[in-house]
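Visitor: I'd like to ask some things about the structure below.
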Amino acid sequence: MDKYTYLLISAMLAVIWLAIIFARNDLKKRIIKASIAGGFVGVIVEFWYYQDYWRPPTVFNTAIISVEDFLFGFFITGIVVSIFDAIFTESRVLNEKRRVKFFGCLFLIALTNFAIFSTLLGFNSIIVSTISFIVFTVIILILRKDLFIPAIMSGILTLAVITPIYAVLFNVISPNFWNQYWLLANTKFGLTVLGNIPVTELVWYFLWGCFGGVAYDFAGGYTKISKFK
C-alpha cells in the first residue's frame, strides 16, 4: 500500500480542489493557472527534497521525479491560492500595484536558496524552504499590510485541510510510512504529533499556506473584498 500513499495524498486533495471550483466558479481561472505553475514547481523542488528529506515509493517506481510530484504541487497550490477566498471573499478588485516581476524574483531567490544553503552548505531542504516561506511572506506583508489576515487564515485553513488527510493516511492506511521513507526519522527534527504526522510537514503546510494564500493577489495587484462587510 505504501507505493500508493503519495498518490493518495493528491487524490484526497483533488476532492477539495474540485469542491472549491464547483462552489466558486469565479475562482476557476486563477486556480487552474496557479495549479499548473505549482505542478511544475513541485517537480523542480522535489529534486532537493529527495536528497535529504524523504524518498517515498511511487506508482511507477521512479527514483527522483514522479507523476505524484506534479499532481501534489498542482492540487495543493490550487487549494492554497483559493481556500481563503472561497470562504471569506466576495470578489477581488485590481487597485494595487502589480508586482509580477518582483514575485518572479522571489521564485528565483528560492531556487538560489536551495542551491546555496541545501546543496552547497548542507542545510536540510525542508528547513531552507520553510525559512524562505517566512521571509517571503514577511516581505509581502510589509508591502501589503491588507494581506495579513488572509495570509494567516490561509495557513490555518491549509492545515485544516491536510491534517485529517494525513491522520487517515498515516495513522490508518500506512502507519509505518514516515519511519521507512522519511530521512529525518530518529533525528532531532523527527518529531511527530497526532500519531504519525511529522511536525515538519505541518509547519511546511502552514507556511506554504501563508505565502501561497496571498502570492497571487500580491503579484497581480488585487484587493480582496470580504463577504462580511
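The values are calculated or read from the model by the stated rules, or taken from the named source; none is laboratory data. Given the structure is predicted, the values throughout are model-derived calculations rather than measurements. In this analysis, Cβ positions are derived from the backbone assuming ideal geometry, glycine residues included, and neighbour counts consider all displayed protein chains.
Visitor: Would you confirm whether any residue within segment 70-85 is exposed (fewer than 15 other Cβ atoms within 10 Å of the Cβ) and among the hydrophobic types (A, V, I, L, M, F, W, C)?
Guide: Within segment 70-85 (the criterion being exposed (fewer than 15 other Cβ atoms within 10 Å of the Cβ) and among the hydrophobic types (A, V, I, L, M, F, W, C)), the answer is no, since none of the residues qualifies.
Visitor: Can you tell me which residue among Ser154, Ser118, Ser132, Ser125 is under 29 Å from Cys105 (Cβ atoms) and touching a Cys at 6+ places or on another chain (Cβ under 9 Å)?
Guide: Among Ser154, Ser118, Ser132, Ser125, only Ser154 is under 29 Å from Cys105 (Cβ atoms) and touching a Cys at 6+ places or on another chain (Cβ under 9 Å).
Visitor: Now for a separate question. Say whether the condition of being crowded, with 18+ Cβ neighbours inside 10 Å and at pLDDT below 95 is met by at least one residue in segment 22-30.
Guide: There is at least one residue in segment 22-30 that is crowded, with 18+ Cβ neighbours inside 10 Å and at pLDDT below 95.
Visitor: Of everything in segment 206-227 that's in contact with a Phe, Trp or Tyr (Cβ under 7 Å, 6 or more places away or on another chain) and surrounded by fewer than 19 Cβ atoms within 10 Å (Cβ to Cβ), which residue is nearest to Phe103 (Cα to Cα)?
Guide: Only one residue tops the list, namely Ala219.
Visitor: If I filter segment 183-194 for residues that are touching a helix residue (DSSP H, G or I) at 6+ places or on another chain (Cβ under 9 Å), of a type outside the set (Ser, Thr, Tyr) and more than 28 Å from Leu7 (Cα to Cα), do I get at least one hit?
Guide: no
Visitor: How many of the residues in segment 128-148 are more than 13 Å from Phe211 (Cβ to Cβ) and either basic (Lys, Arg) or free of Cβ contacts under 8 Å to residues at least 40 places away in the same chain (or both)? Outline the logic, then answer.
Guide: At the first step, the residues of segment 128-148 found to be more than 13 Å from Phe211 (Cβ to Cβ) are 128, 142-143, 145-146.
If we keep only those that are either basic (Lys, Arg) or free of Cβ contacts under 8 Å to residues at least 40 places away in the same chain (or both) too, we end up with 142, 145.
Counting residues in segment 128-148 that are more than 13 Å from Phe211 (Cβ to Cβ) and either basic (Lys, Arg) or free of Cβ contacts under 8 Å to residues at least 40 places away in the same chain (or both) gives 2.
Visitor: I'd like to verify a number: residues in segment 88-113 that are surrounded by fewer than 12 Cβ atoms within 10 Å (Cβ to Cβ) and either at positive phi or of a type in the set (D, E, K, R) (or both), how many?
Guide: Within segment 88-113, residues that are surrounded by fewer than 12 Cβ atoms within 10 Å (Cβ to Cβ) and either at positive phi or of a type in the set (D, E, K, R) (or both) number 2.
Visitor: Applying the selection to segment 17-36, what residues are under 14 Å from the mean Cα position of the chain (by Cα) and in contact (Cβ under 8 Å) with a residue 40 or more places away in the chain?
Guide: Selection gives Trp17, Ile31, Ala34, Ser35.
Visitor: Going through Ile21, Ile65 one at a time, which residue ends up being among the aliphatic types (A, V, I, L, M) and over 25 Å from Gly213 (Cα atoms)?
Guide: Ile65
Visitor: Can you pull out every residue in segment 179-201 that is touching a residue at least 24 places away in the same chain (Cβ under 8 Å) and at negative phi?
Guide: Passing the criteria: Gln180, Tyr181, Trp182, Leu183, Leu184, Phe189, Asn196, Ile197, Thr200, Glu201.
Visitor: Right, another one. Consider Asp2 carefully, then state whether it is closer than 21 Å to Thr130 by Cβ, surrounded by fewer than 21 Cβ atoms within 10 Å (Cβ to Cβ) and more than 14 Å from the chain's Cα centre (by Cα).
Guide: No: the conditions fail for Asp2.
Visitor: Tell me yes or no: at least one residue of segment 73-91 is closer than 21 Å to Val203 by Cβ, in contact (Cβ under 8 Å) with a residue 24 or more places away in the chain and of a type in the set (Asp, Glu).
Guide: The answer is no; no qualifying residue exists.
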